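Everything on this sheet refers to the single structure shown next.
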Amino acid sequence: MTVMSVVRGREDTEIFKKRINKELVYKALVITVLGLAIVVIVTMVLSITEPPNIPFEYFLYEATSAFATVGLTLGLTTKLTFVGKIIITLTMYAGRVGPLTIILALAKNKKSKSGTIRYPEDKILIG
């Protein structure tokens, strides 16, 4: 559900006269929030581990560029400490693979209690 759908009183998300599945909307929201969280955390860690004479905006730019894997830099990457370079490298890896893929890889697989067979849903006319 998007904000505009809620404001307009609609239950489903619709774009270009197509209905978008709620699970896709939730996945997109989770990926966005995870990506922002990773960038913010990396920025904060870099601002703690690196020398204090570097402006905060430089750390934010480097973290965003690393997560987006665009290859742009303000020249800060070469001046980072060993820990900072490792953090930037891990951020590049997380951005390339994707936050949702990493979380799914780290999560434990739970087997369904109803068994491994799931029958297709059917629409039944009632009334």
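Quick note: the coordinates plus some simple rules give every number you see, no bench work behind them. All values derive from a computational prediction rather than experimental measurement. Reconstructed Cβ throughout: ideal geometry from the backbone, glycine too, with neighbour counts over all protein chains shown.
Using a simple spin-label model with pseudo-atoms 7 Å out from Cα toward Cβ, V83 and T32 lie 3.4 nm apart.
Each label was represented as a point 7 Å from its Cα along the Cα-to-Cβ direction; for V45 and R118 these points are 3.4 nm apart. Label zone (Y61, point 7 Å along Cα-to-C-beta; backbone nitrogen cut-off 19 Å) within segment 25-45: 39-45.
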